[in-house]
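> First the structure, which I've put down as structure tokens, then a few questions once you've had a look.
Read-outs throughout are calculated quantities, based only on the coordinates presented, and are distinct from any laboratory measurement. All values derive from a computational prediction rather than experimental measurement. Cβ: placed from backbone, ideal geometry, glycine included. Neighbour counts: every protein chain shown.
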Amino acid sequence: MFNRPLDLPLDQDGSSRFLPWIIALMVYLAALSLAVAMAIGATAGRWDQGFSGTMTVQIVPDISAGNPDKKRQAKTAKALERALTLLRDTPGVISAEPLSVEEISSLLAPWLGEGSQMDELEIPRLIDVRVDPETGPDLATVKRRLAGVSGVVVDDHGIWLERLVKLAYSVEVIAFAIVLCIALAAVATVVFTTRSGMAVHHGTIEVLHLIGAQDVYIARQFQFHAMLRGLRGSLAGLAMAAVTLAVLGTLAGSIDLPLFPALTLTPWQWAGLAIMPVAAALITMITARITVLRALVEMP
Amino acid sequence: MVAGVGSKMVRFENVGLRYGMGPEVLRDISFRLASGSFHFLTGSSGAGKSSLLRLIYLALRPSRGLINMFGQDVATLPRADRQDLRRRIGVVFQDFHLIEHLSALDNVAIPLRVAGMSPSCIQSNVSELLNWVGLTDHLGSRPATLSGGQQQRVAIARAVISRPQLLLADEPTGNVDNEIAMRLIYLFDELNKMGTTVIIATHNEELVSRFNHPVIHLEDGEASMASRSEKVCA
């Protein structure tokens, strides 16, 4: 098939000459969208897994006037102990661990700066609570249990997490929709290019048809030509996307925000992207084939 | 009317043809051509010779009537079978219809390629045939670099390479002098003697008169048939 010239001089078409470039651009955009979808999907999954079944209990110090420091600290420590005891005795609570002042300081460091004088600040004490997602107590139960402890605030991550995860999944769906739109645009481009090619080579196609060439023989010429162009373009597009993702991954890595989606892809995700050129070439080939076969039906 | 020497190969029954909504260019065409026969198709320019040939090689659908080829009604043939039928017909087009970007060898090889023959068989068959038509030195030449006569020989070689049962030629002598025209008709005569049914459309009455083959004459879209010894109207 490749050792002899095609019966149709498709390489000389002005319209098909741009096909690899168009496919390259489309694959580039699709690969970026897909990478974002995969990164956000993985991050949302991590959030969902990491935060479900967790609560944070805050013991807010009583900073009212006339309350001396030592007394206040003792009161906060006592409230912390009381809350821990109540939590650990609550059925369905897997663990309740207080965060040390150092751990809290490191959490606040991005906002307050390294080396801040935390001792001088009245920061709340935090208890990291893990509950059994199936049998564990809900937010209201925990609040009721801790009602007698002074300065207690219970924060259920599930409420804001649910919104965050919904947002993340929405972005993921939109990214996949963009990939689908790009694929449809690619199909339309191939249909247009193939039809142009058929119009340009109508005379030769007619000769082949009258000589007795089956429709699939003629379609094969277009489909292999389109496949090669599609493969060439999509490989270039993927290479450009890989470079872009590598740069973005490096930049995102330097931000170091815990909730920011990691833009570095796993080997499996890279493998998923690597399938794109094959998929693009197949889509191009099948589209060209169907376009030609449908058009040839019009010939007597 | 029936003409020829063997079983019927082409049968037209009350065939009419019109282009779009225009008037009928062919009217009530009825004839039968037997396998192994040789016919000239004559008529003045615009009489419908090319249209009739196009109906025979299935490039057009008739507006009415029945066309039966090789014993099969072409109107009811499945699409794939129509292509099989076309491969049994060789056509020398009036303006050759050679594929410009292909060499003479590749042009002649097309009917064998579409029939699925192996490349090695194609190479030997095509080389042999191009040698026979005197184009050994032009196997790799593209049509644009060949003279009109050479292009015509390539077109003829392409039409006969797959040993078709029916050979159609549309004005094959239109662009050549009388001597080459005579040689071409003798070439078709030889193919006919080998069993190929031949129909040659021409307006060269002098050439037709030199051979004793029956004639289908078209005038004002209607056909009449006559042998060289006696002329019979339809």
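> How high is the relative contact order of segment B:99-154, in percent, with contacts defined as C-alpha pairs under 8 Å that are six or more residues apart?
About 51 percent, as a whole number.
> Please work out the Cα center distance from segment A:94-165 to segment A:185-238, rounded to the nearest Å.
63
> Further, regarding this structure: Which of B:L58, B:G71, B:F40 sits farthest toward the positive end of the charge dipole of chain B, with +1 on the Cβ of Lys and Arg and -1 on the Cβ of Asp and Glu?
Farthest along the dipole direction, towards plus: B:G71.
> How big is segment B:99-154 by Rg and Dmax over its Cα atoms, in Å?
So, for segment B:99-154, Rg and Dmax equal 10.6, 30 Å respectively.
> Now for a different question. By what distance, in whole Å, do the Cα atoms of segment A:61-150 stretch along each of the three principal axes, largest value first?
Principal extents (Cα only, largest first): 41, 32, 17 Å.
> For the protein assembly as shown, give the share of DSSP beta bridges that are antiparallel, in percent and rounded to the nearest 5; count only bridges with both residues there.
For the protein assembly as shown, the DSSP antiparallel bridge percentage is about 65.
> Further, regarding this structure: For A:K75, give me every one of the lysines with a C-alpha distance below 21 angstrom, ignoring sequence neighbours fewer than eight places off in its own chain.
Straight-distance partners of A:K75: A:K143.
> Gain in length, A:E298 to A:W268, computed as 0.36 nm per residue apart minus the alpha-carbon separation, to one decimal in nm?
On the way: separation 30, 0.36 × 30 = 10.80 nm, distance 4.58 nm.
Here the answer is 6.2 nm.
> Related question: Using +1 on the beta carbon of Lys and Arg, -1 on that of Asp and Glu, and nothing else charged, what's the dipole of segment A:61-150 about the Cα centre, debye to 20?
It comes to approximately 560 debye.
> Measure nothing but the geometry: give the 0 to 90° angle between the long axis through the Cα atoms of A:215-255 and the longest principal axis through the Cα atoms of chain A, rounded to 10°.
The angle comes out near 30 degrees.
> Using θ = phi - 60° and the Karplus form 6.51 cos²θ - 1.76 cosθ + 1.60, what ³J(HN,Hα) does each residue of segment A:201-212 get, whole Hz, x for Gly and Pro?
Result, rounded to whole Hz: 9, 4, x, 5, 4, 5, 4, 4, 4, 6, 6, x.
> Could I ask something else about it? On a full-extension model of 0.36 nm per residue, what is the gain between A:S196 and A:L107, subtracting their alpha-carbon distance, rounded to one decimal in nm?
25.9 nm
> Between the helical axis of A:19-51 and the dominant principal axis of chain A, each derived from Cα atoms, what acute angle in degrees is found, rounded to the nearest 10?
20
> Continuing with this model, one more query. Between A:A183 and B:R79, what's the calculated FRET efficiency when r is the beta-carbon distance and R0 is 30 Å? Round to 0.05.
0.45
> Would you calculate the convex hull of the Cα atoms in the protein assembly as shown and tell me its volume per residue in Å³?
About 219 Å³ per residue, rounded to a whole number.
> Going Cα to Cα from B:K49, which lysines come in below 25 Å? Please leave out same-chain ones fewer than 8 positions away.
In chain and number order, the partners are B:K8, B:K193, B:K231.
> Taking the Cα centre of the protein assembly as shown as the origin, how large is its charge dipole in debye, to the nearest 20, when only Lys and Arg (+1) and Asp and Glu (-1) carry charge on their Cβ atoms?
I would put it at about 1060 debye.
> Let me ask something additional. At most 11 other C-beta atoms within 10 Å and a DSSP loop state: those are the exposed GluC sites (Glu not before Pro) I care about. Give me the longest piece of chain A that has none.
A:135-297
> Now for a different question. Mark the label point 7 Å from the Cα of B:R61 along Cα→Cβ and return the residues of segment A:272-300 whose backbone N is within less than 13 Å of it.
Label zone hits: A:297-300.
> Moving to a separate point now. Based on other C-beta atoms within 10 Å, arrange B:S45, B:S30, B:S209 from fewest to most.
Lowest to highest Cβ neighbour count: B:S45, B:S209, B:S30.
> Which part of segment A:270-300 falls in the paramagnetic zone of A:A239, meaning amide N under 17 Å from the point 7 Å along Cα-to-beta-carbon?
Output list for this probe position: A:274-278, A:281.
> Using only alpha carbon pairs under 8 Å that are at least six residues apart, calculate the relative contact order of chain B and give it in whole percent.
After rounding, I find 27 percent.
> Could you name the aspartates and glutamates in cross-link range of A:K78, using Cα to Cα under 13 Å and dropping any fewer than eight places away on the same chain?
Within the straight-line cut-off, A:K78 pairs with A:D62.
> Scan chain B and report its longest stretch carrying no GluC sites (Glu not before Pro) that are both in a DSSP loop and have at most 15 other Cβ atoms within 10 Å.
Values: sites that count: B:E100, B:E230.
Between the exposed loop sites, the longest stretch runs B:101-229.
> Still on this model: For the pair A:I286 and A:Y169, what calculated FRET efficiency results from E = 1/(1 + (r/R0)^6), where r is the Cβ-Cβ distance and R0 = 22 Å, to the nearest 0.05?
0.10
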